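The values are calculated or read from the model by the stated rules, or taken from the named source; none is laboratory data. Quick caveat, the model's predicted, so the values are computed rather than measured. Please note: Cβ atoms are built from the backbone with ideal geometry, for glycine as well, and neighbour counts cover all protein chains shown.
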Amino acid sequence: MPDALGLELIRGEIEQDHPGAVLDTGFDRGQASLVIDPAQVLAVLGWLRDAPGQGYRFLSSLHVADYLPAQPRFGIHYELLNRDRVERLRVKAILEDASPAGGAAGGTAPEEALATAGGGGSPAATGPAGQRLPEIDSCVSLFPTAEFQEREAYDFFGIVFRGHPDLTRILLPDDYVGWPLRRDFPVGGEPVTFTYNERNYG
Amino acid sequence: MAEATESRTEVMTVNIGPHHPATHGVLRLVVDLEGEVVRELKPVIGYVHTGIEKSCEDKSYWKVIPFVERMDYVSYFFQMEAFCGAVERLVELEIPPRARYLRTIFLELNRIHSHLVWLGTTALDLGAISMLWYCFRERDKILDLFEMATGQRMHTRYFQVGGVIEDLPLGFEAKLRDFVADMPVRVGQYEDLLDRNEIFLSRTKGVGIVPRERLLELGVTGPLLRAAGEPWDLRKTFDYLAYPEMDFKVPVGTVGDNYDRYRVRLAEMVESTRIVEQALDGLPEGPFIADDRKYVLPPRSELPTSMEALIHHFKLVTEGYRVAPGEVYYAIEGPRGELGCFVLADGSAKPARVHYRDPSFVNLQAFRDMSVGGYVADMIASLGMLDPILGGVDR
């Protein structure tokens, strides 16, 4: 981990190249994190990967945390690893819920409308019943390892990654409706009906 | 990689799985074949998705442990350590030295167990059926050890936040020493069976090579990365449990083909045995769980006599402990690579988010690079050498 001072140095260097990209820094329980502007996520990740003296070339994990009831609520976490200096750095991009008013349903609305993210590569950023979904740039071009993990984040939280080569559901069935790992999606929110099998195989 | 030079035929899309003995679980592969040659491959996963991460949000911290064990059902001690370690870092709880050593012993036994399951099933895929019986014979000895110490053969719930639940029983050490003396001999026997086996060699040598840079791009860790010559092992690089005090080597390969993957894992079994032996020799005396009554259950013997212990016990069992808001990512070296656990605490007695960075899930992305351009039979060999556990992939 970079220590608290090293973190501020990194912040200062990013600010020189990309003004306004870093919104905040955090140093908690020995783990360093940068809160960044979601619009500049590729610039910051690319800088951390390629800038001389940085070398955070390995993306360990990409995951989402839903900070509800805090707003903005979706934190996209990039756990970067510098394998030369053996340092981890967490980069967080906090996204607004795109449709906070209709967000009470949390995508659990039982309309039959499916998520429109087909295999076409550029899904419309809407979910069931025209629900707006939060968007961020995909980092697959920088870190190919993010492909499955961004699909997982889309699958569970309905985060749309712009420019992802194949943004479809990965663990849930393609015709699943809703974003089950959001905090406003209740545990046990889905009745077990096995309709998929009944419909297809009688 | 096998030369694919036969005459051109039409491309056929073949579905393999999800229920197929060669996919090591419930993995579905959509494969484009031109004759016997794989031209495109897409893994389709999610058939054993059970929503464990969501279920964890509805359980108090100590009840999460049995859930996460069931993700990667072959390396359950690692899942426990990732979660318990993350929570210990959240509440800033130091575990006693004896607990660190005990955890190290069981993690390394679990690594041997996991590699034995891998070796048996993968050799079975390649036609060496007797390997399965030999590997499962040794695996059973490890399960006997687990049962003796924890009461369960699998999914033991042995690690607790703060340490481990029980000390070692009488007679365990002797039994473990027998196993430690036996295991390197057994690994030597496996090598005798496979290392100069003509069929095994021609099925694995030069097959499934992925360049080291590509593996790093794809986020691949563990034996797959080390087989390509990258000596990256979190046990060496990060400071956790008793690994800094242990003397062990990190085996690496040179070519990065399936044969190297096999060699690296076999060498890791021997190194793990050495770690177990050293940890047993250096096992410190003292408590096996931290003495912090806010997080750790009081000893059973105190309950009839101490009102305070009774209250603590009641509070911990009914409500659990509250964890101050914060988030921690804690990664350890699992048998398949970097196993990371992210825990977000919101101040209540239940975690707001538990996420596992499962190495099988990330490593599976390298499968296309390993297989495309080779024969479909080599694809099966590469899948075995990739060693995905679908319970961990799908969670």
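Data table
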{"read-out": "Which listed residue is within 30 Å of B:MET370 (Cα to Cα) and in contact with a helix residue (DSSP H, G or I) (Cβ under 9 Å, 6 or more places away or on another chain), from B:LEU241, B:LEU215", "value": "B:LEU215"}
{"read-out": "Options B:TYR262, B:TYR243: the member that is modelled with pLDDT of 90 or more, among the aromatic types (Phe, Trp, Tyr) and either surrounded by 23 or more Cβ atoms within 10 Å (Cβ to Cβ) or in contact with a His (Cβ under 9 Å, 6 or more places away or on another chain) (or both)", "value": "B:TYR262"}
{"read-out": "Some residue of the range A:154-167 being among the charged types (D, E, K, R), within 8 Å of chain B (Cβ to nearest Cβ) and surrounded by fewer than 24 Cβ atoms within 10 Å (Cβ to Cβ)", "value": "no"}
{"read-out": "Qualifying residue in the range B:28-49 (condition: away from chain A (no Cβ under 13 Å), part of a helix (DSSP H, G or I), buried (at least 19 other Cβ atoms within 10 Å of the Cβ) and at pLDDT 90 or above)", "value": "no"}
{"read-out": "Conditions (1) within 12 Å of chain A (Cβ to nearest Cβ); (2) of a type outside the set (S, T, N, Q); (3) out of contact with any Lys or Arg (no Cβ under 6 Å at 6 or more places or on another chain): number failed by B:VAL328", "value": "(3)"}
{"read-out": "Residue list for the range A:22-77, filter: more than 9 Å from chain B (Cβ to nearest Cβ), in a loop (DSSP other than H, G, I, E, B) and either crowded, with 21+ Cβ neighbours inside 10 Å or in contact with a Gly (Cβ under 8 Å, 6 or more places away or on another chain) (or both)", "value": "A:ASP37, A:TYR56, A:ARG73"}
{"read-out": "Test: B:PRO325 is out of contact with any strand residue (DSSP E or B) (no Cβ under 7 Å at 6 or more places or on another chain) and either of a type outside the set (Ser, Thr, Tyr) or crowded, with 18+ Cβ neighbours inside 10 Å (or both)", "value": "no"}
{"read-out": "Identity of the residue in the range A:78-97, out of contact with any Pro (no Cβ under 6 Å at 6 or more places or on another chain) and of a type in the set (A, V, I, L, M, F, W, C), that ends up nearest to the other protein chains (Cβ to nearest Cβ)", "value": "A:VAL86"}
{"read-out": "Helices (runs of 4 or more DSSP H) contained entirely in the range B:185-284, each with at least 1 residues that are within 14 Å of another protein chain (Cβ to nearest Cβ)", "value": "B:212-217, B:223-227, B:234-237"}
{"read-out": "Residue under evaluation A:LEU81, criteria (1) within 27 Å of B:GLU92 (Cα to Cα); (2) in contact (Cβ under 8 Å) with a residue 40 or more places away in the chain; (3) out of contact with any Gly (no Cβ under 9 Å at 6 or more places or on another chain), criterion not met", "value": "(2)"}
{"read-out": "Residue check for B:LEU216: at pLDDT below 90 and surrounded by 14 or more Cβ atoms within 10 Å (Cβ to Cβ)", "value": "no"}
{"read-out": "Only one of B:GLU81, B:GLU94 that is in contact (Cβ under 8 Å) with a residue 24 or more places away in the chain, acidic (Asp, Glu), farther than 30 Å from A:ALA153 by Cα and not in a strand (DSSP E or B)", "value": "B:GLU94"}
